[in-house]
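Chemist: Please read through the structure below; I'll follow up with questions.
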Amino acid sequence: MKEKWNEIWYQLRSMRVQLLLVMFLVGLIPVVLFSIIFIRTYNGQTISQKNDEVRSYGNVISNLIANSGYLSGTDSTEVEKEAEEISNAYQGRVMIIDQNLNIVKDTYEMETGNTLISTEVIQCFSKKDAFFSNEIGDYIQLTMPITDQSTDTVLGAVLITYSTKNLHLLEESINYRTILLILAIAICVLLISMLYSYIVSKPLQKVTDSIDNITRGETDVTMELKTYSELLKISESFNQMIGYIHEQDIARKDFVSNVSHELKTPLASMKVLSDSLLSQKGIPEDLYREFLVDITEEIERMTQIINDLLSMVKLDKNSAKMQVESVNVNELLENLLKRLRPIAQKRNIELTLESFRPVVAEIDQVKISIALNNLIENAMKYNYDDGWVKVTLNADHKFFYVKIQDSGVGIPEDVQDKVFERFYRVDKARSRETGGTGLGLALTRSAILLHRGSIKLYSKEKEGTTFTVRIPLNYVGQEQLAAT
Ligand code: ADP
């Protein structure tokens, strides 16, 4: 039972059903009200019109009676004729009553000579311009006095009873026709409402279908709703969202294939190395060692790739995990360089730091260290022996700037945009040699973007590269950003 009610409630909450109901009621209620008012007014009007008509005939006959002296015994065929005419014309009865309440004339000839005692008639004698109209079943009884104008006395009364049967029949027929008309209008309104609510709600079904398609995993869905401007907006936003999801989907697939490819290479070389060891017998220990060293190197490489991937996932997750604190950036850079100096010395690369001013900024120390470390490491990795790397730190009232310049191999202009992509390496062989995974700059950029900073690169092949990093001194979190 409860489920049934829930189902009904659910249906009633449907926009289509509500639209249908509202349209139907708005269309029908005025018609019904108008019909009721019309019928009432019309019926009232016909009765009162008929009353007036009979009343005027009544006046004529009462004047005629007064003038002809009919009540004082004078024969008047004119009066009799008039009474018969009225009684025929209105399927009614005319009675003429004299001062003694005797019925002088009854067109039905049933009561002539009898006495009629009725309140209305008695009242007629005390009031010259009295007029009574009583409805008794299908009849209306009019009672009016016969007044002698010259003496201003009431001589008697005229009682006209006429049938309203025809009027009631007419009334019924009008009622019947009106009900038929209302029914016809109701059917028309219902059909129009059904059609319109269907037209209005149909595009919404399209929206649901498109969303269902996406849920099922299709990302190349487009929505075209050209019916209403509001829906046009929805479909535009929807298509934008789909475009974004589609891009993300492609990026995800690319990423997975890149990762697999990157992990396959070390695995393939390990397999080659171990296969060759297994296929030979009596291999000298030195060769074993050499092969195992190679295998270990490949394992290290895989570990490096996996570590980079994990860092990337952590950075990608969200900025809520940001451990923001006030950090002395001068010190941070000095420490980084101290750790990297031994590597630089190996290739006789001059590594210098120039700080223009003391800088304290609200940053996530670990993330910024990873980012800057990557940039400085790259500057050394893609450098010539005996080259130089120059790190400078500066700041204004809003941002601090770290510039990493090197005298290295440079990056060709046409790939300068691509170096920030995951797994992209300009020179695969060289990058592999130096243990590069192609993830470093992607990681760096993510870390900088989490701080709402920016990174730019200027480079000339064989001359060197400059990366400029700009980071706000005060961290603006997601919540603050949303509040502005
Ligand atoms: P990798 O792990 O290969 O170093 P990165 O994402 O750090 O990956 O860098 C991507 C590519 O950009 C590198 O393979 C290299 O070709 C190029 N690159 C990065 N930094 C420099 C630089 N300072 N000088 C020249 N080339 C660079």
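The values are calculated or read from the model by the stated rules, or taken from the named source; none is laboratory data. Not measured: the values here are computed from a predicted model. Cβ: placed from backbone, ideal geometry, glycine included. Neighbour counts: every protein chain shown. What goes into the accessible areas is simple: the full protein's heavy atoms, side chains included, and nothing from ligands, DNA or RNA. Shrake-Rupley method; radii C 1.70, N 1.55, O 1.52, S 1.80 Å.
Chemist: Can you tell me how much longer the chain between Glu300 and Ser454 gets when fully stretched, taken as 0.36 nm per residue apart minus their C-alpha distance, in nm with one decimal?
Modeler: 52.3 nm
Chemist: Find how many whole Å separate the alpha carbon centroid of segment 32-107 from the alpha carbon centroid of segment 444-468.
Modeler: That distance is 112 Å.
Chemist: At most 14 other Cβ atoms within 10 Å and a DSSP loop assignment: could you name the trypsin sites (Lys or Arg not before Pro) in segment 1-81 that fit? List each step's numbers first, then the result.
Modeler: On the way: sites: Lys2, Lys4, Arg13, Arg16, Arg40, Lys50, Arg55, Lys81; in loops: Arg13.
Loop-located and lightly packed - Arg13.
Chemist: How large are Rg and Dmax for the chain when only the alpha carbon atoms are used, in Å?
Modeler: That works out to 53.6, 166 Å for Rg and Dmax.
Chemist: How large is the convex hull of the C-alpha atoms of segment 321-483 per residue, in Å³? Let's see the in-between values first.
Modeler: On the way: hull volume 18.6 nm³, N = 163.
Hull volume over Cα atoms, normalised by residue count, gives 114 Å³.
Chemist: When you have a sec, figure out the Kirkwood radius of segment 1-218 from all distinct Cα pair distances and drop it here in Å to one decimal?
Modeler: Evaluated over segment 1-218, this radius sits at 22.5 Å.
Chemist: In Å, what is the Rg of the alpha-carbon atoms in segment 99-154, and how long is Dmax?
Modeler: For segment 99-154, the Cα radius of gyration and maximum Cα-Cα distance read 12.3, 38 Å.
Chemist: Any chance you could get the radius of gyration and Dmax over the Cα atoms of segment 220-316, in Å?
Modeler: Spelled out, the Cα radius of gyration and Dmax of segment 220-316 are 24.5, 82 Å.
Chemist: Counting helices only, and only those DSSP H runs with n ≥ 4, report the 222 nm mean residue ellipticity of the chain as the sum of -39,500 (n - 2.57) divided by its residues, in deg cm²/dmol to the nearest 500.
Modeler: Working: 12 runs with 279 residues, N = 484.
For the chain, the value works out to -20500 deg cm²/dmol.
Chemist: Just the number please: accessible area per residue for the chain, 1.4 Å probe, all protein chains included, in Å².
Modeler: 61 Å²
Chemist: Tell me which trypsin sites (Lys or Arg not before Pro) from segment 239-296 have a DSSP coil assignment and no more than 11 other beta carbons within 10 Å of their own.
Modeler: Values: sites: Arg252, Lys253, Lys264, Lys271, Lys281, Arg289; in loops: Lys281.
Taking segment 239-296 and a limit of 11 other Cβ atoms within 10 Å, the loop trypsin sites (Lys or Arg not before Pro) found are Lys281.
Chemist: Roughly speaking, what is the stretch gain from Arg13 to Arg347, that is 0.36 nm per residue apart minus the C-alpha to C-alpha distance, in nm to one decimal?
Modeler: Numbers: separation 334, 0.36 × 334 = 120.24 nm, distance 7.51 nm.
Taking Arg13 through Arg347 to full extension adds about 112.7 nm, to one decimal.
Chemist: Right, next: Could you work out the local net charge near Ala395, counting Lys and Arg as +1, Asp and Glu as -1, over the other residues with Cβ closer than 11 Å to its Cβ?
Modeler: Local charge sum for Ala395: +2.
Chemist: Then there's this: Kindly provide the chymotrypsin sites (Phe, Trp or Tyr not before Pro) of segment 285-386 that DSSP labels as loop, not H, G, I, E or B, and whose Cβ sees at most 16 other Cβ atoms within 10 Å.
Modeler: Phe356, Tyr384
Chemist: Right, here's the next one. Quantify, in whole percent, the carbon and sulfur part of the accessible surface of the chain (1.4 Å probe; protein heavy atoms only). Intermediate results must be reported in sequence, preceding the final value.
Modeler: Details: 16560 of 29720 Å².
C and S fraction of accessible area: 56 percent.
Chemist: Where in the chain are the helices, taken as whole DSSP H runs, whose Cα atoms extend 20 angstrom or more along the long axis and whose Kyte-Doolittle mean reaches at least 0.5? List each step's numbers first, then the result.
Modeler: On the way: long enough: 15-68 (79 Å, 0.71); 165-215 (72 Å, 0.79); 229-279 (73 Å, -0.12); 285-317 (47 Å, -0.21); 329-346 (26 Å, -0.36); 365-381 (23 Å, 0.28).
Qualifying helices: 15-68, 165-215.
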